[in-house]
Each structure stands twice: as structure tokens, then as C-alpha cells.
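The values are calculated or read from the model by the stated rules, or taken from the named source; none is laboratory data. Source: prediction; values computed, not measured. We place every Cβ from the backbone using ideal geometry, glycine too, and count neighbours over all the protein chains shown.
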């Protein structure tokens, strides 16, 4: 194929940015000076490079799709030590992303969330292939904490749908992690940060050799962040207050509440007399309850660490064929601490410890004497790919291979309480509710359990494609065509211990699940250069799933280059999100759900419906709920389009603007107990889903809810749209060095679910996120300044003001082939506002509370 020739643009780093919208840091692409000579003597033939979003290699600088390329220099300039921490700072994670949290069922994980559409709608690739899925959160996709940052050469972020190229889940976008492949020599890197909270350390060894017949690159890496206890934070000095301290209410044989602490006819809790003197318990001055200060013992963030080995290599078999190998072995672990187990225990009317003899007593108790809930996780991920690629004739390229990856996860929870054993110990007097700390150790041990969770997700894959570079000639050159197919087998298991599965562990629960599926795919993509300035890219992919059915995703993208300095582009396509194995294979799980329902509230003892409003708002009633596996669930289906313009305004200024619009139909929605009750009461206009969802009321109990079956169901839609803006400048300051500046901003215009209220600007969903990255380089010295902005969100008392932080970094190349870097992230020691979100004191997804973070890094090259 005869490639179009171009003069190399100034400081372009073509191998990293071909086909991309641009970069988020210093390595930006800029148009050449149009007054420069472009004679044949200066012309340079560009290598064709495959960029995320297409399987056809190109040599053009700007492609038809919006791809942001983040190179290694930009990653290093951020001061971050993990893939998850870096991606959390990007604008495209509109609502932030999950971080390791103590007390969470996904404590060890970190999951990307492009456009706020959820991690299950964000596809993560490693070198163009699906990254291993985390079995402890199979519905959430890839655990970014299990990917070693030291192994990553660059990150390509496609902010457009890509199911036509990559298949399911690429609706919000694609994150493609490109591993290091070309390196000669060896390098040792060590680094450490020392913020007020959550210090980190990092270390890596990188080595590589290359010759006439091939190359190999490998290394070892380690990174770690320490656990952060709540009581070390500024807000941790204020005692937490939980009704699960040592309180009770009693009901007589006629169902009436027997109460001596009935405040305003609503608060019927009584503190256990004399039972609120143990450490971290106190009587609340607000309502007189015995409450527990959970801030004294719990951790905000779990510790986590990553150790990895990686190896990439390619060997030339002959002039036309080569074989390549890529493998990564990763160990990731975390430790989290949560406050001691809370639970409700029923004390029999004739029990000696019953505060109200003759009545049934409900004790809301914190089992602090048994110790804190500690959860330790250990995960091992293995990923290996072997492939062959070559050419047939002069115009046909072939790439075939096989891949195997598995992610094994083990979790251990200590000091959890078996509800039935605790209830028995309280009723027979062995556990002292009037002085829990005086309970003998052997009694405490007799009611405790160590919970376990063993999970695995394994993928076996075979793939192959054939690229025809010269199908036929068109006005702008040769048409290109790639056709290919993939077959993968997924096996998944998530097994909880028998007590957790049975729902008898207080403060924890778990439903085991497991199964497998086979996925067969065929795809084709064609590049049609109608003229030298206009081309079309047409792609389509068909996927068949062994468990639910099939989907077809087409896409058309256009690129028009009317003048040298201007590129117009757009795309339209469809996509899909396959139902995840966890929800279609899970066992039925019991849960005592807290809900508000007037009829149920009245049956439980409220005097009037007016009382129920306060009763439900402050102390919901509990109903028996069962989470069922999804039956007959189909894929979500999306339609999306994008329009963009790239303008090389001058030789120092580049502007990119892209509009995106996404609509998801047949949304896979979870119907909680409260939502089903709201639908049944007419407070939610959403149609009642069919089986296995159901709600049962008992007319003999005042029509109270007696049983709820939760489920996932295809129902409803999601709509969202917005704009991405990138401004890049590049100044040659002659003897003063070179200055590059990149401003990236993302604006979410609208985000609605099932036609409801717009989520943008609600709590946790800012309309704007922006980053300004400035890098100055002169000789061996470099200085960087990065400003990160998160717009305001929320309203009223829950309004969060805009959030701006500043990062500084300086580096120097040393004479002995080394580099020393020192920096401070969040120079101004900015802390998040304490507005409760998702059960946490602030929004853990959008903000961090590490405070001012100085760090150092030393690199020695050999």
C-alpha cells in the first residue's frame, strides 16, 4: 500500500498520537507551519499505527474518532502511583470512580466510570484485548488496582461508543492500556509520597533488549497506599452516632409498643439501663439513646497494594512473519477495618435479661466487645497472550492468537457475629447486655465467625483477523478492509461461606453465584477514502452469547479535511451491554430490608399515618426480602452519535471540540424493595416489573408487606449528552526552553434515567470537570503545574461548591544517567466538603481527602 506522505509535525511523537484527538499533557501534536517548505526532500513516510477505536492502521494525525492519548511522560508528571488513581483525575470520569473503601463488598476494587454511565458500561482493554474481570464485582468489570502502572507505556481513552469494534460494554467509552514494548537498557525507579493521610510508596525495575530479529521488555513493580482511619481525619474527632449502640423497644402480646421514652410520639427507643458505659458508647444528648462512636474505630479507606511481573516480546521468524508474547502476573491485596457488628436481636418475654419482662424486646445492639470487623483480601491475576502476525503478498496482513487470563480473589472477614448464636447467648444470660465488656472471652468466641469469599473469573480466548490494505483504488487512495473473529469462554464463580449465604451473619451477607458462557464474534471494518480530504469508516460486529442471545452493532464514522488546518468528524452507531454473569447466575439471597410503607408501618405499631411519615423517615420498618437471579434478561441497547472539529489554528495552537450523545434502552435496572413498594403505592410511575420481581401483602395484617422479591429487569432508558473541549499550545522559547499547555474540559449537558429529573448538577454529578496541564522544559530541567477543577453540584443544604486543586513538580536529569523528581500534589491542602454521600462523610468517588501530598521519585538508568 502506498502511504500518504507528510512532513513530520513539530514535536509530534507520531508513534503515540497518530489518529488521536490529542493528549492530556505535554506531548501534544501541532500543525506544521504552513509557510514551511514541504518538498519531497523533506517528506517523511509515516508508519501506519492502530489506534483505539479502529482495527485498521492509519498514518493520519487526526482520526474520525475522539481518542485522547496519555503518554508515559504525562503519567509521571501526575505523581500518581497507580492506574486507578491516575484515571480518577481525568475529566471523562464525570462522577468520579470507585476507590477502595472499608466496609464495602468491593473493598479492594477501583473501577472506571466514563460519562457517569457506570463501570459496567466502560470497557477496559489491555493492548486491545479485554482486561481480566474482577470476580468480586463481575458486574463492575475491570479492577484497575490489579493493573501495574509501571507496565503501562500509554493510555488511550476513546470517548465514543465502540461496540462495532470491540463488542459488548463499550457504550460509555473505551480505556485501552498499552503496555511497554520498546525499551533498551534497564531502569530502577523508587518513589514515596507523604500526605497527611494515606502515604504511598512505589518501586519498579524495567529492562529491555532489542536486536535485528526482535525485542523483549519486562519488569517488576510494586505500589502501596496505607489505610486511613476515620479518627485521624478532622471530621473523625466528632463522635459518630448510631442507634445500633445498646437500645431497645418492647411490644406486648397485643402488639402495642411498651415504652417509657416516647418522645413526641415517635422515638420509642430506650437505652439499656447501665449498658452504655463501655468504651466508645455514650448517651446522646439529642434523643437520649445509647449510641456508639463508630468514628473511633473504623477506617475511611482500606489499604491496598499491588505487586506485579510483566513481560512483552516479539521475535521475527522470517522476513514476513513474527511471533509475539505478552504476560502479566499480578498480586493485589487490601485490608479494611469497619466498626464492630451491629444487629437486631429478639429477647424472649421470659428471658432473665429482658428489660421489660413479659414483652417481646427488640435490642438494637453493637457487639463491640467482640472486636472490629476486619476484612483482608488477596487477589492474583494471570494474563498471557501468544500470537503470530505477518504478511501475505504485499497487501494482506494476518494476526492470530490465543489468550488466557484468570483473576482469583480470596476474602477473609473476622469478628463477625452469628445472629442466632448471639440471640441464644443473650436470652440465656451468657452475653451480658448490661455490661457487654464483661462478657467472657469464650462466650464472645462462641458467637463469632470468620467469613470467607472465594471468587474466580477465567477467560479463554482465540482471535484472528485479516487486513486487506489495497482492496480497490478510490479518489483518496486505496480502500482498506479488515475482517476477523473472536471466540472466548468465560467461567465465573463467587462463593460465600455457608453462614453468609444463609443470611445468619449480622453485619454481612452474600449470595453465591457462578456459571459460564461462550461468546462468538465476527466483525468487519472498511476504510473508504473517497477523496484526499474525505474518508468514511464503516464497521459492524455480530456477537452471539450462549446464555441470552445475540446482538449486532454497526457504526459509521466520517472524517473531512477540507483544508490543512481543519478536520471535521462525526460518527453514528449502536452498541450493547451484555447482562453480567453475577446477576444471571446468583443464588437467592435473603435480606432484612429497611423500608418505608404506611400500611406496614401502622401494623408495626404507629398510632396514625402521620406518625408513619416520621417513623419511616427516621426508623424504617424491616421486611423479608429475597434477591433473585435474573431470568430472561437481555442486553441493554444503545444508540449514539458524535460530532467534532479539530482546528490547527496556528503552529502553536490546536483546538478540539467534540459533542457526544448517548441513549440506552432496555436498561438493566435493579428493583429494590423500596422501589417496588413505591410502585405498588403509586408513588413511582415506573411500571411494575414481571417475574421474578414480586411483592406480597397480607390482608390479615392490615395489608402489611410480608415478602419482597427483588430482581434485575430490562426496563427504562438512560439519556446523556455533552461537550469535550481541548486547547493545546506549544511555545518554543528559544534559549528559555519549551512550554506546552493543555486545557481539557468536559461538560455534561443532561443525564436522565427513565425520563426523570436531570441528574446533572445534582449531588455527586458536576456539570464540568477540567484540567490545565502546563509543562516547561529547558535542557535537563523540567517544571510542571497542573490545576484540576470539579464544578459545583448538589443543591440546598447538600450543595457542594466548586473544587480546585493545584499540583507542582520539578525534575532534573543527573549526570550519572539518572533523574530526580520532587513534587507536591494539592499544594493548597484542599479538603472536600463534608456533605454525606453514599453512606460516607463526603463523596469518595469525586474527591479524595489525602491533603497536601509531597512526593519524591528517583530513576536510575543503566
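For the reader, a short list of remarks on this structure follows.
- Scope segment 495-537; condition in contact with a helix residue (DSSP H, G or I) (Cβ under 9 Å, 6 or more places away or on another chain) and assigned to a strand (DSSP E or B); matching residues: 495, 505, 506, 513, 514, 515, 516, 517, 523, 525
- Selection status of residue 397, farther than 30 Å from residue 479 by Cα and either assigned to a loop (DSSP other than H, G, I, E, B) or modelled with pLDDT of 90 or more (or both): no
- Taken across segment 799-813, residues that are touching a residue at least 12 places away in the same chain (Cβ under 8 Å), within 23 Å of residue 101 (Cβ to Cβ), part of a loop (DSSP other than H, G, I, E, B) and under 24 Å from the mean Cα position of the chain (by Cα) do not occur at all.
- A Cβ distance below 6 Å, combined with a sequence gap of six or more or placement on separate chains, defines the contacts here; from segment 675-698, residues that are in contact (Cβ under 8 Å) with a residue 24 or more places away in the chain and on the phi < 0 side of the Ramachandran plot reach residues that are surrounded by 17 or more Cβ atoms within 10 Å (Cβ to Cβ) and in a helix (DSSP H, G or I) in the pairs 686/679.
- Segment 657-686 - residue that is out of contact with any strand residue (DSSP E or B) (no Cβ under 7 Å at 6 or more places or on another chain) and surrounded by 16 or more Cβ atoms within 10 Å (Cβ to Cβ) and, of those, farthest from residue 576 (Cα to Cα): 678
- Counting the residues of segment 756-775 that are assigned to a strand (DSSP E or B) and more than 20 Å from residue 113 (Cα to Cα) gives 4.
- Within segment 400-444, the set of residues being assigned to a helix (DSSP H, G or I), under 30 Å from residue 302 (Cα atoms) and either touching a helix residue (DSSP H, G or I) at 6+ places or on another chain (Cβ under 7 Å) or without any contact (Cβ under 8 Å) to a residue 24 or more places away in the chain (or both) comprises 421, 422, 436, 437, 441, 442, 443, 444.
- Qualifying position, being surrounded by fewer than 17 Cβ atoms within 10 Å (Cβ to Cβ), touching a strand residue (DSSP E or B) at 6+ places or on another chain (Cβ under 8 Å) and in a loop (DSSP other than H, G, I, E, B), among 182, 160: 182
- Of 138, 146, 170, all but one fail to be within 30 Å of residue 521 (Cβ to Cβ) and at pLDDT 90 or above; the exception is 170.
- The combined condition, being within 18 Å of residue 767 (Cβ to Cβ), free of Cβ contacts under 8 Å to residues at least 40 places away in the same chain and either more than 24 Å from the chain's Cα centre (by Cα) or loosely packed, with under 15 Cβ neighbours inside 10 Å (or both), is not fulfilled by residue 836.
- Of the residues making up segment 776-788, those that are closer than 20 Å to residue 818 by Cβ and part of a strand (DSSP E or B) are 777, 778, 781, 782, 783, 784.
- Here is the figure for segment 841-862: residues that are surrounded by fewer than 16 Cβ atoms within 10 Å (Cβ to Cβ) and modelled with pLDDT under 95 total 2.
- Selection within segment 445-494: residues that are outside any strand (DSSP E or B) and modelled with pLDDT under 95. The member of this set that is surrounded by the fewest Cβ atoms within 10 Å (Cβ to Cβ) is 472.
- Qualifying position, being under 27 Å from the mean Cα position of the chain (by Cα), on the phi > 0 side of the Ramachandran plot and surrounded by fewer than 18 Cβ atoms within 10 Å (Cβ to Cβ), among 755, 796: 755
- Of everything listed in (1) at pLDDT 90 or above; (2) surrounded by fewer than 19 Cβ atoms within 10 Å (Cβ to Cβ); (3) farther than 20 Å from residue 576 by Cα, the single unmet condition for residue 502 is (1).
- Long-range neighbours under 7 Å by Cβ, at least six apart or interchain, first residue on the phi > 0 side of the Ramachandran plot within segment 354-370, second modelled with pLDDT under 90 and part of a strand (DSSP E or B): none
- All positions within segment 562-579 that are in contact (Cβ under 8 Å) with a residue 60 or more places away in the chain, more than 24 Å from residue 718 (Cα to Cα) and either buried (at least 19 other Cβ atoms within 10 Å of the Cβ) or touching a strand residue (DSSP E or B) at 6+ places or on another chain (Cβ under 8 Å) (or both): 565, 566, 567, 568, 569
- Output for segment 356-394, where each listed residue is loosely packed, with under 15 Cβ neighbours inside 10 Å, at pLDDT 90 or above and not in a strand (DSSP E or B): 357, 358
- Top-ranked residue of segment 272-287 - restricted to ones that are under 26 Å from residue 352 (Cβ atoms) and in contact with a helix residue (DSSP H, G or I) (Cβ under 9 Å, 6 or more places away or on another chain), ranked as surrounded by the fewest Cβ atoms within 10 Å (Cβ to Cβ): 279
- Qualifying residues in segment 409-428 (those that are closer than 21 Å to residue 304 by Cβ and surrounded by fewer than 18 Cβ atoms within 10 Å (Cβ to Cβ)) - the one nearest to the chain's Cα centre (by Cα): 410
- In the set (1) touching a strand residue (DSSP E or B) at 6+ places or on another chain (Cβ under 7 Å); (2) modelled with pLDDT under 75, residue 624 fails one condition alone, (2).
- All positions within segment 139-157 that are surrounded by fewer than 24 Cβ atoms within 10 Å (Cβ to Cβ) and more than 19 Å from residue 74 (Cβ to Cβ): 139, 140
- Candidate set: segment 627-644, residues that are in a strand (DSSP E or B) and surrounded by 20 or more Cβ atoms within 10 Å (Cβ to Cβ); chosen: the one modelled with the lowest pLDDT: 627
- Residues of segment 85-111 satisfying the condition of being within 18 Å of residue 407 (Cα to Cα) and in contact with a helix residue (DSSP H, G or I) (Cβ under 6 Å, 6 or more places away or on another chain): 106, 109, 110, 111
- Residue in segment 768-780 that is under 19 Å from residue 720 (Cα atoms), without any contact (Cβ under 8 Å) to a residue 24 or more places away in the chain and crowded, with 17+ Cβ neighbours inside 10 Å present: yes
- Residues considered: 588, 600. Of these, the only one that is modelled with pLDDT under 90 and buried (at least 19 other Cβ atoms within 10 Å of the Cβ) is 600.
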